[in-house]
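Heads up, the thing below is written out as C-alpha cells.
The values are calculated or read from the model by the stated rules, or taken from the named source; none is laboratory data. The model shown is predicted, which means the values in this text are computed figures rather than measured ones. Note that we place each Cβ from the backbone using ideal geometry, even for glycine, and neighbour counts take in every protein chain shown.
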Amino acid sequence: MMHFMGRQNDLPPYTMPLVVRAREYHLYDREGKRYIDFFQNHGRAILGHRPDGILRAMKSTASRGLLAEYPSVYPGRLEKIVEQLLPGYRVVRLYDSRRYAVEALRQVFGPDDAPLVIADPALADIATGRTVAFWRPFLADVEVNAEVLIPILPFPGNFICEMVCAKDPTVADQLPPSDAISPLVIDLMVKTIGDLLSMEEKQRKRFFRKTYLHVLMRRTCGPYCVTSLDDAAYRKFHTASLDAGVLLPPTQDAPIIIPPVFTEGEVARFLPIAEEFLGKR
C-alpha cells in the first residue's frame, strides 16, 4: 500500500494499492491482488480504465502531431457536441485544471471572503437556480438546472482540462480567457461525449441497476451512492474495504460509484463490512 495525494484536485492523503495494471473496473497490485474500483477516479473512469474509443482516439490524434497547445478545429467541435449532451448550455471556457476554473468562477459567482461552493447532484439535491454545479453522466431522474455546469466526463486521467458551460453566453465576458489546451485533450473530450451520446439503451441501463449495496446507502442516484458515516467511521470503512479488495473514495466528498458489472464473488468479503458499518445508522 502507499499514500496518495491528488495535487490537482487538492485531495487529502489516503491509502490505496500501488497499481500496476487496470482493466475495466479492476485494479491489480504488484502481488497480483485484484481490487474492484468503487472510486473510479472521481468518476473519470466511470466507463472503465481502458475505454476502447479513447485509446483509438489517442493513437489517431497523437499520430498527427496534434499535441502542442496551438489553435485547432477541436474547440468548435467540442462546443457543438456539448450542445447535444447539455441542451441549453454552451462551452464558454476551458481551463488547465479545476483549481483555475474555480478561481475564475469565484471572481464572478463567489463571495470575496469565502470559497466557491460547487454543488454535486450525486451527493445532495440541488436547489433550483443553483449558480454552479457539477454535471455527471447516468444520474437517475435528476435535473441539474444550474446557471453554470462543470461536467465530470469519463476520461483517462486528471490531465483533462476543466470545461465551464453556461446557459447565458455573456458569462464568458466576466470570466478570464480560456487557457491554451492541447488539441489531443480536446479531441479526447469530443470522443468521450460521443461515446456517451451513442451508448445503446441496454448499455445505459447497466448504470441504473439496483444492488443490495444501494439499500445500505443513505442516498443513491444511478450508480452514485453516499453513506451516512462521520469522517472517522468512514476512514475505518475505507481501510476495511480495501483489505477486502474494494477501493472506495478517499472521503465522503466524493460519491461511491458502483460499477455496472461485477460478480457476487468479487464483493463477498466486502458485503459483511458494508453491513457492519452502514447497517448501524
Ala233 fails exactly one of (1) outside any loop (DSSP other than H, G, I, E, B); (2) aliphatic (A, V, I, L, M); (3) in contact with a Leu (Cβ under 7 Å, 6 or more places away or on another chain), namely (3)
Of the conditions (1) within 22 Å of Ser72 (Cβ to Cβ); (2) touching a residue at least 40 places away in the same chain (Cβ under 8 Å), the single one that Phe159 does not satisfy is (2)
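Looking at Ser60, Ser72, which is the one that is surrounded by fewer than 19 Cβ atoms within 10 Å (Cβ to Cβ), in a helix (DSSP H, G or I) and among the hydroxyl-bearing types (Ser, Thr, Tyr)?
Residue meeting the stated conditions: Ser60.
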When Asp52 is run through (1) loosely packed, with under 11 Cβ neighbours inside 10 Å; (2) among the acidic types (Asp, Glu); (3) modelled with pLDDT of 90 or more, the failure sits at (3)
Apart from one, (1) closer than 21 Å to Asn41 by Cα; (2) surrounded by fewer than 19 Cβ atoms within 10 Å (Cβ to Cβ) all hold for Ser241; the odd one out is (2)
Scanning the stretch 198-209 for residues that are more than 20 Å from Gly265 (Cβ to Cβ) and part of a helix (DSSP H, G or I), the one modelled with the lowest pLDDT turns out to be Lys202
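Would you point out which residue out of Pro272, Pro249 is surrounded by 20 or more Cβ atoms within 10 Å (Cβ to Cβ) and either assigned by TED's automatic domain parsing to the domain that holds Glu24 or under 19 Å from Leu27 (Cα atoms) (or both)? Give the derivation first.
On the way: Pro272 fails: surrounded by 20 or more Cβ atoms within 10 Å (Cβ to Cβ).
Result: Pro249 is the single residue among Pro272, Pro249 that is surrounded by 20 or more Cβ atoms within 10 Å (Cβ to Cβ) and either assigned by TED's automatic domain parsing to the domain that holds Glu24 or under 19 Å from Leu27 (Cα atoms) (or both).
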Margin query: Taking the conditions exactly as written (out of contact with any strand residue (DSSP E or B) (no Cβ under 6 Å at 6 or more places or on another chain), aromatic (Phe, Trp, Tyr), more than 20 Å from Arg34 (Cα to Cα) and at pLDDT 90 or above), does Tyr212 satisfy them or not?
Written below: no
Check: Is at least one residue of the stretch 92-105 loosely packed, with under 14 Cβ neighbours inside 10 Å and not in a helix (DSSP H, G or I)?
Finding: no
When every residue in the stretch 157-190 that is surrounded by fewer than 21 Cβ atoms within 10 Å (Cβ to Cβ) and farther than 16 Å from Arg93 by Cα is compared, the one modelled with the highest pLDDT is Phe159
Exactly one of Leu94, Leu78, Leu105 is under 21 Å from Gly194 (Cβ atoms), out of contact with any Pro (no Cβ under 9 Å at 6 or more places or on another chain) and not polar (S, T, N, Q), and that residue is Leu78
Expected single match for without any contact (Cβ under 8 Å) to a residue 12 or more places away in the chain and in a helix (DSSP H, G or I) among Asp173, Asp195 is Asp173
Note on Glu69: of the conditions (1) at pLDDT 90 or above; (2) closer than 15 Å to Asp179 by Cα; (3) acidic (Asp, Glu), unmet is (1)
